[in-house]
Structures are given as C-alpha cells and as structure tokens.
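Here is the structure we will look at, set down as structure tokens.
Nothing in this text is a laboratory measurement; each read-out follows from the coordinates by a stated rule. Computed from a prediction, not measured in an experiment: that's the story for all the values here. In this analysis, Cβ positions are derived from the backbone assuming ideal geometry, glycine residues included, and neighbour counts consider all displayed protein chains.
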Amino acid sequence: MNFDRRRVNGPESTHEVFYEKKQSDNVQNKRLSRKDDELRPIFLKPGLISSASGSCYMECGSSKIACAVYGPKQIKNAPYSSTGKLNVEIKHSPFSSVIRRDPVKVGDGCNQTLANASSKELDATHLSNQVTQALLPSLRLDKYEKMQIDVFVTIIQDDSLDFGLMGNITTAAGTALASAGLEMNGLVAGLAVALQADKLLLDPTPAEVRNSQAIMTVCTLPALTQITHIWQAGTLDLSTYKQALSVVESASRNIHTVIAKTLMNESNESDVST
Amino acid sequence: MSDVAELSSVDYFAYAVATWATGTAVSLLGFPRLITTLLLPYEKHANGEVLPKTELNGFEKFLATQSSIALLAAAYLLLQLVDWLTVVNADPPAIAIQASKRGIRNHRTRRVFRSQLLRRQRDARPAGQGALHPNSAAELVGRIHQKTQMDAATYRRLRPREYLNRYLDSDVRVDGRALLDFRSTAVNQGSIDTANGSAVVRLGNTTMVAGIKLKTALPDPSREAGYVVPNVDLNPLANAKFKSGPPSDDAQFLSSRLNDILLSTAVIDHTRLVIEPRKAVWVAYVDVTCINYDGNGFDAALLAVIAALKNTQIPQATYDFDHDKVVAGDSTTPFPLNKLIVPSSFGLFGGKLVADLTDFEQSLSEAQVTVVITDKGSIAHMSSQGHSLGSSIDDSTQLIASAINTAKERYTTISKLIS
C-alpha cells in the first residue's frame, strides 16, 4: 500500500499510540495568558540558507517554518511571457504535526488520516495555491519577463493548523522574497483570526481553531493598506467581518514593523561584515 | 557570459581597425583640403565669387597639417574614452579571459585591457598584504590574481579544479581551514515538540533536522524486534541542485547508507522495542530533512539521527488484549541505544586527505572515505567511494591510518555535544 522502493520502508501498517491521558486537555484554555487581540511573539531570521537568493526562518508560537527563494532565473524552452512566474512549493516535514505525515501518502491518503485530528487541515498543494495568491500582488512580476521565481517552504513544526499556518507561511515567504532583493510593491503579512463565542481571537492555536465557528486568514500589504488575499471557512455576519478586518489591520501593521526591522538589521549586519 | 565577452571583443577589434583605417585614409588624402576649406582665408575671385584659396603659401600649409594632426589626436582620444566606457560596462574578467586567449595582437586594445586589469588587481588585493600570514587564504587569492590576471570568483567558476589545487598545494582550504579540520559543529536536541525526539545539526552551513515519530505495528513473525526506519529528504529548499519530487538518487543513497549503518553497527537494541511479543512493537520513523546543504550531508545526517535518537523518550506502554491496541502511560524510558557512533568523512585530492568537504570540494574529490567511530575509539564502520584510495597499498594504508586517527579525535569532541 505505502511501499515505495525509493525509500526505506517500515512495516506495512502502523498505528498511532493511544495515550491514557489526553495530551490536548491541558492546552485547551491557553488564552488565559494572552489577550484576544494579542499575537504570539514572532521570530524572523532572514539569510539562513546559504545557496538561496533569499531565505527566512520563522518561529511563531511553536511553529517553525523555513523558506527559501531561488531565482529569478530564466525559464528554458518556454514561450515568451511578459510577466514572471511565481512558483510556491510547500512541504511538511513528516514530524511536523502530532500525527506523522507519511511522505508516501501525501496527496491522496493524507487527509483521511488527519481527519481525526482536525477536519480543517488541507494538503500542501491547496495551501501553496493560497500562498501564491497572497504573494502575487506584492511582487512586481512585470519586471521579470520570461523568468521564474521559486519559493520553497518547509514546515518543520506546525502549531497553528492550516489557516494560521498559511498566514505564517505568507509572512515568512514575503520576508524571504524581500531578502532576495526582488522588486516588490510592499511587504506581505498574513494573519489568522478565529470567531469563537462572539469573540475574535487573533493568531489562534490549534485547539482554538477546532472550537471556532468561523476562521479566516487575511493577507495584507500593510504599507499600502491593501488586502491581497482572504481565505475563510465558516460564516460570519457582515458587522463581525468588518470588525475582524479592522482587528487584523492593526495587528498586520505590527507584523510589518517586525519584518521591516528584521530586514533592516540584516542588511546593516551584512554591510558591516563585507 | 562567454557570449557577451566574444561579441564585445570582436566588435571592438573590428571597430578599432575600421576607425584607424578611415582616419589614416582621410588624413592622407582629404584632410589638408578639408582643413583648408574650413580654416584658411577666402579670396574674392574676379567673377565675384568668394572661394577658398587654392594656392597655399608655406605658412598656410604648415597650419593645415598641424590642425589635421590635432583633429586626429582628438578623435583618437574620443575613441579611447568610448572604449574605456564599453570595457567598464561589460563584464571585465570575461573580456580579459577572451583577450588573453586571443593573445591580443592589437596594440591599442592590449593597452586598454592592461590598464583595466591593473586596476582590478589593485582593487582586489587586500590592504596591508604584507602583514598577512603567507598561508592565509586572502594572500592566496592575491597570488592567484597575479598569476592569472582574472578575479578569483571567475577563476573558480571556469577552472574549479585548478582553483582548488592552488589552495590544496599550500595545504590550506578555500575557507581557510587546515586539511584535516572540520567545520564548526553545533547540535541542538529536542527543539521540535511534535516529534518524540529531535535534533538539529549544523556542520558549517550544512543543516539537517532529524525528527523521530513513534508508532506501533505488528512485529515481523520471524524476529521479535522493533523497527527503525530512517529516511533522508534532500529538500529543494536546501540547495539549487536539489529538485522537488520523489527522492533523488543522492537521497536514496543517503537513506540506505543510514539504514545500513544503523543495522550493521548494532547501535540500536531492536529487541527492547518490543511492547508485547507477537502482538506489538515500536516503529521509530527517523526522518531527516535537509534545510541547508553545503557538502558532507552524510556526517550531518547521521549525527542528527544519533542525536535525535538520544533525545527520544519512549512512553511506557502496555498492550490491551481486550481492545487490541497499545495504551501508553505517562512515564517514559530513553530510546534503547547501545552506544554512541560518530561519523567522519574525508575526501581525497591527489593523495591528500581532506576532512569534512564542502559542496564545492565534494564535487571535485577523487575518492571519499567515511570512518564511523564508536565508544572506546573502536571502528564501527568504514567505507569508501570513488576511485582507488592512493596509488599503492602502502599509500592507502597510510591514508586510512590518518583518517582513523582524525576520526578518533573527532569522536571525543562530538561525543561531548550529544547528551
């Protein structure tokens, strides 16, 4: 079934371990320690991957994301196009989530295995489409005729489920694109907000996502006060929607400051070292 | 790059010849007349027309010749300026190579290039050169400049083997290490909460993350033992040469080598991974993800695996016969490791043993040797790939002995990093 001659294969069928005490019980009410509109601290470190044009390592909560940008490079044997092409590939490392993500099963069976953990998780191709949409407005692709820009993302640890994860990936990828020195309209910040019992929770944890009525990820260009992408699940009434957007807007500005400061420090450091 | 160089240098040559020829022709034939027309006094003819003087006296002839020479000199200077601008804008080292290949017959062209090259050399040579140690990398770069008259990065790209040999001949590496030095190594264990055990290993720029996920399975009827399943993912994120898709040949080779070594060195006590005989055993999925790749992936991957296994805690589990499943409790035991193993890989360049190759060195090495050392400095595993090790038996023995000695030293430093 999951035999692949290109890998070292384990036994044919394996089972997850059942714990007597459910581990998730103690993380249910984590919001006690932070306010509803408070973000978890973000750590960004650009330039970690030596052979990439630009890269960024991001930690938010206990999520860990590595992101690298390669290019722009010429597409060989392709018809002329007046704009560049953005290619985003997202990969979960097998140990990134509570239940092991089997690399052999990714794409077909992965969702079914994860269905027990959360019905709100999606596979990586869908996620990469979302992130591409969120990043496109920030890039000046018209400056890169006939070129391709590759963005590779590896999720080392996932602590926010797909909606929050998508926001984090967008932030990390946007930073990596900027550190690659590409022509951009602005820095992108992505952020998830969940509606739970008439409360809007910014940057929700997996437990909060599971218990929410609605969740949406908003990706913005805070410097231009533009929204590049919204991805939503569940229903929100119009007034809550507006409220959510205004909450996200102010938080995105904070993220923007963090990204800008990080990039500034990075460029200052590299000036000193050269 | 070569396209640009060829085009501009050919252009350049043709342009120079053409202008020179035209200039000469004009100055010999028509110039004095032209100058005469423009500069010399006009005379009024009998019919009333105003025309230039046709008959020149001695002074006027002298003036005409002088001004044509001056004009030519001005044209020449203008040409020089134009050439200089083109050379500055084009890729100078590329042109320099092209020019040196052709041997530059044209005197003027060579002069332009020479001034360019001198300028580049002066810029590239480090300040305060005299104070540097003769073997330092910076000094070597300077010497390469003098010999080849092209900049080090270009030389490295065009003639990687010669570039590397210049360093190795002086017993120093491109990054300034001695031949048997390893890059700085850092091990960070237990940073990933979703894994049962994890480790991040950095070997210079090479970064590998290993995570262990425990699952349960039915044991193989023929042997009462658990499973350890190592897999390496050479992520396209880590290096431009890795492609996305199913595991590449390199990744497959790394995975199977890891599996081989974990089994052959008996580093893991598989029998202690049994939960209930004939019913349930532990399966430890050891997944290694490469985050940044700069050579010597094997050492980094094996170190990451060992450090992650050391970090792993196995829950105290019992088999529930009624419900046919494994139930895990709160208490844990460390993963059953018999010993510690530490890998050291070396490359061979013209009979010289070089430790911990970078990606650039690895692509040029003739052969590679890996020595895995275990407790008490004994050899747990040895392997070599590539061409023959040394030219004779004596030679090989010597190389291997030196590899083993270095690997033993490496064991003592690395075993302190892994807790």
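On a 23 Å Cα-Cα criterion, which of the cross-link pairs B:LYS376/B:LYS416; B:LYS339/B:LYS416; A:LYS64/A:LYS242; A:LYS73/A:LYS261 come out too long? Where the Cα-Cα span goes over 23 Å, the pairs concerned are A:LYS64/A:LYS242; A:LYS73/A:LYS261. Taking label positions 7 Å along the Cα-Cβ direction at both B:ARG278 and A:ASN185, the computed distance is 6.9 nm, reported to one decimal. Taking Lys and Arg as +1 and Asp and Glu as -1, the other residues whose beta-carbon sits under 9 Å from that of B:THR358 total -3. When the Gaussian network model of chain A links Cα atoms closer than 10 Å, the mean-square fluctuations of A:ASP37, A:ASP162, A:ASP237 top out at A:ASP237. In terms of the mean number of neighbouring beta-carbon atoms within 10 Å, the peptides B:355-363, A:54-62, A:227-235 order highest first as A:54-62, B:355-363, A:227-235. The distance between label points at B:ASP330 and A:GLU20 comes to 0.9 nm (points 7 Å beyond Cα on the Cα→Cβ vector).
For chain A, modelled as a GNM whose springs connect Cα atoms under 10 angstrom apart, the maximal fluctuation among A:VAL247, A:VAL209, A:VAL131 occurs at A:VAL247.
For region B:185-417, averaging the sequence separation of C-alpha pairs within contact (under 8 Å, six or more residues apart) and dividing by the residue count gives a relative contact order of 20 percent. State whether chain A is rounded, prolate or oblate according to the following rule on the C-alpha gyration tensor (a ≥ b ≥ c being the square roots of its eigenvalues): a/c under 1.5 gives rounded; otherwise a/b larger than b/c gives prolate, and the remaining case gives oblate. Taking the square roots of the gyration eigenvalues as a ≥ b ≥ c, chain A is oblate. Which one of A:PRO222, A:PRO206, A:PRO79 has the biggest mean-square fluctuation once chain A is modelled by GNM with Cα springs under 10 Å? Comparing A:PRO222, A:PRO206, A:PRO79 in the GNM, the peak value goes to A:PRO79.
To check you understand DSSP bridge types, tell me what percent of the beta bridges within region A:35-267 (both residues inside) are antiparallel, rounded to 5. Expressed as a percentage, antiparallel bridges in region A:35-267 total about 85. Here the relative contact order of chain A, from alpha carbon pairs under 8 Å that lie six or more residues apart, stands at 20 percent. Note on region A:141-219 and region B:222-281: Cα centroid distance 33 Å, given to the nearest whole angstrom. The trypsin sites (Lys or Arg not before Pro) found in region B:222-261 that occupy coil by DSSP, while having at most 12 further C-beta atoms within 10 Å, are B:ARG223, B:LYS243.
Inter-chain neighbour count for B:240-249: the average number of beta-carbon atoms from partner chains within 10 Å of each residue's beta-carbon is 3.
For a Förster distance of 45 Å, can you work out the FRET efficiency between the beta-carbons of B:LEU158 and B:ALA401, rounded to the nearest 0.05? It comes to 0.75.
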